[in-house]
Amino acid sequence: MLTGLKTFSRRTILKQGKAAIAGVLSCRVLPPGPVFAAGGVLPVRQVADGIFAFAGTDALMTDANRGEICNVGFVIGGDGVAVIDSGGSVAEGRALIAAIRAVTDKPIAYLINTHMHPDHCFGNAAFEGTGAVLVGHHNLPRALASRGEFYLSSYRESMGEALMREIRIIPPTKLINDEENLDLGGRIIRLKAWKPAHTDNDLTVLDEKTGVLFTGDLCFIRHLPTLDGSLTGWIAQLEALKAIRAKIAVPGHGPVPAKWPDALEDERRYFEVLTHDIRQAIAAGVPLAMAIRTAAESERGNWHLFDAYNVRNATAAYAELEWE
Amino acid sequence: MNAQPQRTRSMRHRISLVVLTALLGAFPLLPVHAEQTSVPENAVWSSLKSDVFGDRVIEAANGVIRIEAPKRAEDAAIVPVDLHFNSEKAGRIKAVTLIVDENPSPVAAVFKFGPDAGVTHLATRLRVNAYSYVRAIAETEDGKLHMVQAFVKASGGCSAPAMKNQDEAMASLGKMKLRVFPPKAPGAEAMNRATEMQLMIRHPNNSGLQMDQLTRYYIPAHFIQGLTISQGDRLIMTMEGGISISEDPNFRFEFHSNPGEDIKVEASDTEGMKFENQWPLASSAL
Ligand SMILES: [Zn+2]
């Protein structure tokens, strides 16, 4: 019943969106908001000239939201399109392709995975047959090799058989070792592979022409950051992130677009509190099982999904920081 | 001289086979179990039980051993588990077997304690792949087995029982750290007090579930399989480990210490590597 209702309201929203476009807008951009693409077209918005992004919802991946929980987008060049992340399901990936086709006929040259997490790359299979070259951090194939099977089984419960059936783990073939430019035809995007931070395979994408930065999950806003790499590594690279000369960012999670580098402020503060609390517990001899119950509790009110991820972050932080 | 490496190799081979066989069997079951919030004494345990303990009788723990584990594995790669032992109930505990029913390699570790080690508490960290019972089976000196268990729900979201920072783990392979915590009762008898200690070993304790992209074969598991902790010439405990112990194996325990005698640790892994370390107890304080 509940699912049916949600589907209905999503369809309604989408229809209203289409009506609004037909009536008011000349460019084909859907209005922002927590809108799921129940039908065929992911509701992207234009964030700069030739750059579009979809804002995912702050939630866990479920069959109801089709895994559409992270921000994805694309950059249109003179010769082709670069897609940044494929989304949390093949259904979302297809809806993203439909959104691309709604604004350009240029071929999809690259699909860039910003990192290993399922919400960013479960949609990869949708791009097979488009001719897109799959691009990722040099550590991404290894990370997917050790987690892929687990992801496919662990998401079955929340995502459901219908969505999971067509999801496949597809590793990148073009690997980024440090920094590399991709030429989309009169438009250069700069890819940078980072040291372990959110994961050990984080990649950012900067459009030089407009100063739009796709941060992947190196930047979380409003949605509690999740730690699956190195907390100290993430903190240490915040300055280098901040120094990227971008105007606006499409964060991995949170509002699209966001002001750069202000977008990093919230997570910087959270990391500071988490690190402080865990270091203090370790120094006092408080065991892991106890320390993780209270660490960063003062940050609770500042984030969505705090209960879903904070204890996990604290656990990972403790295991990392006790080696200092 | 030649016998040792050969034995190490055949051991590794055997363990890899066990991992693989269990993997093929365990993964397809996962979604079924994931939908149940509580599992009764089940077929998985029945079959494990006879594999590990044969037809020996296993009694309920009745306070001989206690287990503390989180209801939910927030980080699937690091699930803290605490074991408390009460030797007054049924005599000295000789050994404890730690099992995660639903993991590809369920027997996480077998700990054996020295005759006068006086270990009363042992905490470690486990990988928990799926909704699973975590069990501890204690063997007392009379040969009886006492079991206690906790049900742990698998973590949600993208938390996987895999290494977060693989290069870092390999770069500092075998590095050890020992911490000694001050006694809980400040006025405790100095000559005969329980000392709390934490041993950390840098090791990927690799699950071997990584598939080589080119060959499509699973890369062999690489983990700490043997560990001996002693003080002076006195054995505190040994561990035979498996891949269900988290990366960077970590053991925090309370035992009867002899002040002034060195703590000695020897570990060996499935690649035949040996790691040794020694600390004077007095100077390695908190
Ligand atoms: Zn992520």
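Scanning for something over 18 Å from the mean Cα position of the chain (by Cα), within 11 Å of chain B (Cβ to nearest Cβ) and open to solvent by 40 Å² or more (accessible area, probe 1.4 Å), does the stretch A:100-114 turn up at least one residue?
No - not one qualifying residue is present in the stretch A:100-114.
Only residues in the stretch B:257-273 that are within 13 Å of B:E240 (Cβ to Cβ) count as the first member; pair them with residues that are open to solvent by less than 40 Å² (accessible area, probe 1.4 Å) and polar (S, T, N, Q), Cβ under 6 angstrom, at least 6 apart or cross-chain, and list the lot.
Pairs that qualify, where the first residue is within 13 Å of B:E240 (Cβ to Cβ) and the partner is open to solvent by less than 40 Å² (accessible area, probe 1.4 Å) and polar (S, T, N, Q), are B:T270/B:Q225.
Within the stretch B:27-43, is there a residue that is modelled with pLDDT of 90 or more and either under 20 Å from B:C158 (Cα atoms) or in a helix (DSSP H, G or I) (or both)?
no
So which residues in the stretch A:128-149 are farther than 22 Å from A:L206 by Cβ and more than 16 Å from the ligand (Cβ to nearest atom), if there are any at all?
Of everything in the stretch A:128-149, those that are farther than 22 Å from A:L206 by Cβ and more than 16 Å from the ligand (Cβ to nearest atom) turn out to be A:E128, A:G129, A:T130, A:G131, A:P141, A:R142, A:A145, A:E149.
Residues in the stretch A:206-240 that are aliphatic (A, V, I, L, M), closer than 12 Å to A:R268 by Cβ and within 16 Å of the chain's Cα centre (by Cα): how many?
Going through the stretch A:206-240 one residue at a time, the tally reaches 2.
Does A:L191 count as within 16 Å of the ligand (Cβ to nearest atom), under 18 Å from the mean Cα position of the chain (by Cα) and in the same structural domain as A:A82 (by TED's automatic domain parsing)?
Answer is no for this residue.
Checking B:I137 against (1) modelled with pLDDT of 95 or more; (2) surrounded by fewer than 22 Cβ atoms within 10 Å (Cβ to Cβ), which single condition isn't satisfied?
(2)
Tally up the residues in the stretch B:176-195 that are at the interface with chain A (Cβ under 8 Å from one of its Cβ atoms) and either at pLDDT 85 or above or open to solvent by less than 30 Å² (accessible area, probe 1.4 Å) (or both), please.
3
Does A:P171 count as assigned to a loop (DSSP other than H, G, I, E, B) and within 16 Å of the ligand (Cβ to nearest atom)?
no
Taking the stretch B:238-255 as the region of interest, how many residues are among the aliphatic types (A, V, I, L, M) and touching a helix residue (DSSP H, G or I) at 6+ places or on another chain (Cβ under 7 Å)?
Number satisfying all stated conditions: 1.
Are any residues in the stretch A:96-118 within 16 Å of the ligand (Cβ to nearest atom) and not in a loop (DSSP other than H, G, I, E, B), and if so, which ones?
Correct list: A:I112, A:P118.
Are any residues in the stretch A:287-299 more than 10 Å from every other protein chain (Cβ to nearest Cβ) and more than 14 Å from A:N313 (Cα to Cα), and if so, which ones?
Selection gives A:S298 alone.
Can you tell which of A:T199, A:T173, A:T215 is modelled with pLDDT of 95 or more, buried (at least 21 other Cβ atoms within 10 Å of the Cβ) and within 13 Å of chain B (Cβ to nearest Cβ)?
Going through A:T199, A:T173, A:T215 in turn, just one is modelled with pLDDT of 95 or more, buried (at least 21 other Cβ atoms within 10 Å of the Cβ) and within 13 Å of chain B (Cβ to nearest Cβ): A:T199.
Would you call A:G93 assigned by TED's automatic domain parsing to the domain that holds A:T204, more than 16 Å from the ligand (Cβ to nearest atom) and surrounded by 20 or more Cβ atoms within 10 Å (Cβ to Cβ)?
Spelling it out, A:G93 is indeed assigned by TED's automatic domain parsing to the domain that holds A:T204, more than 16 Å from the ligand (Cβ to nearest atom) and surrounded by 20 or more Cβ atoms within 10 Å (Cβ to Cβ).
What do you reckon, is A:I100 touching a strand residue (DSSP E or B) at 6+ places or on another chain (Cβ under 6 Å) and either modelled with pLDDT under 95 or farther than 27 Å from B:Q166 by Cα (or both)?
Yes, satisfied.
How many of the residues in the stretch A:227-257 are surrounded by fewer than 22 Cβ atoms within 10 Å (Cβ to Cβ) and in a strand (DSSP E or B)?
So the answer is 1.
Quick test for you: out of A:R269, A:R222, pick the one residue that is away from the ligand (no atom under 14 Å from the Cβ), surrounded by fewer than 24 Cβ atoms within 10 Å (Cβ to Cβ) and outside the structural domain of A:G50 (by TED's automatic domain parsing).
Sole residue among the options that is away from the ligand (no atom under 14 Å from the Cβ), surrounded by fewer than 24 Cβ atoms within 10 Å (Cβ to Cβ) and outside the structural domain of A:G50 (by TED's automatic domain parsing): A:R269.
The values are calculated or read from the model by the stated rules, or taken from the named source; none is laboratory data. The structure presented is a predicted model; accordingly, all values stated were derived computationally and were not measured. Glycine gets a Cβ as well: all are built from the backbone with ideal geometry, and neighbour counts include every protein chain shown. Side chains included, ligands, DNA and RNA excluded: accessible areas come from the protein's heavy atoms. Shrake-Rupley method; radii C 1.70, N 1.55, O 1.52, S 1.80 Å.
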